[in-house]
Amino acid sequence: MFVNALPRYEILSEEAMDVLDRGWKRIVSELGIEFLLPEAVEILEKAGQIVEDENRVRFDPEFILEQVAKAPREFDLQARNPEHTVHIGGENMVFAPVYGCPFIREGDTRRDAKMADFENLVRLAQAFPEL
C-alpha cells in the first residue's frame, strides 16, 4: 500500500470551482442524462426526477448532492485474495490500469482499439503486483 506523503493543494481557484459547480448543475437539470437501462429510468422517476423522451432524465441538483452524500469517504475494495484488498480514500494511493482505451498507438499509427487490445492490457496489468 502506498501512502501519499505530498501536501494537498487546491488546483482550481474558488471562482473556477463556482463555474464548475454551476456547470454540472445546469447539465443535469436542463440537459439531463440519457440512460440505456429502462429500469434505471424507472427508479429515478419514482425518486421524483423528470423523465423526457423515454430515457432522458433531468435531475434536481439537490437530489444528486443527497445521493453523493451517502457515499463513504473511505472503503475497502475486497479482493478474492485478502492480501490484495486495497483501501480507497484517506491518504492511501491505489494504482490501477485504465480499461477500455478507445485508441491504440502502434508506432506512428493510431487505430481503434479491439477486444484483443483490452485482453492484452488485462494480461499486462495482472503481471504487475502494484496494479
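The values are calculated or read from the model by the stated rules, or taken from the named source; none is laboratory data. This one's a predicted model, so the numbers in the text were calculated from it and none came from an experiment. As a convention, Cβ positions derive from the backbone with ideal geometry for all residues, glycine included, and neighbour counts pool all protein chains shown.
Listed values, structure above:
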read-out	value
Looking only at region 3-58, and only at residues there that are modelled with pLDDT of 95 or more and aromatic (Phe, Trp, Tyr), the one that is farthest from residue 90 (Cα to Cα)	35
Scan of region 86-129 for residues that are of a type in the set (Ser, Thr, Tyr) and at pLDDT below 90, ordered by number	99
Where a residue in region 112-131 is loosely packed, with under 10 Cβ neighbours inside 10 Å and its partner, wherever it lies, is assigned to a loop (DSSP other than H, G, I, E, B) and modelled with pLDDT of 80 or more, with Cβ under 9 Å and at least six apart	112/102
Every residue from region 110-131 that is aliphatic (A, V, I, L, M) and assigned to a loop (DSSP other than H, G, I, E, B)	113, 127, 131
Qualifying residue in region 26-49 (condition: surrounded by 12 or more Cβ atoms within 10 Å (Cβ to Cβ), acidic (Asp, Glu) and either on the phi > 0 side of the Ramachandran plot or more than 21 Å from the chain's Cα centre (by Cα) (or both))	yes
Residues that are in contact with a strand residue (DSSP E or B) (Cβ under 6 Å, 6 or more places away or on another chain), in a strand (DSSP E or B) and surrounded by 10 or more Cβ atoms within 10 Å (Cβ to Cβ), drawn from region 85-109	86, 87, 88, 93, 104
Residues of region 7-19 satisfying the condition of being under 20 Å from the mean Cα position of the chain (by Cα) and surrounded by 11 or more Cβ atoms within 10 Å (Cβ to Cβ)	17
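Okay, residues lined up against (1) closer than 25 Å to residue 96 by Cβ; (2) in contact with a helix residue (DSSP H, G or I) (Cβ under 7 Å, 6 or more places away or on another chain):
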residue: 23; (1), (2): no, no
residue: 28; (1), (2): no, yes
residue: 50; (1), (2): no, no
residue: 58; (1), (2): no, yes
residue: 62; (1), (2): no, no
residue: 71; (1), (2): yes, no
residue: 77; (1), (2): yes, no
residue: 81; (1), (2): yes, no
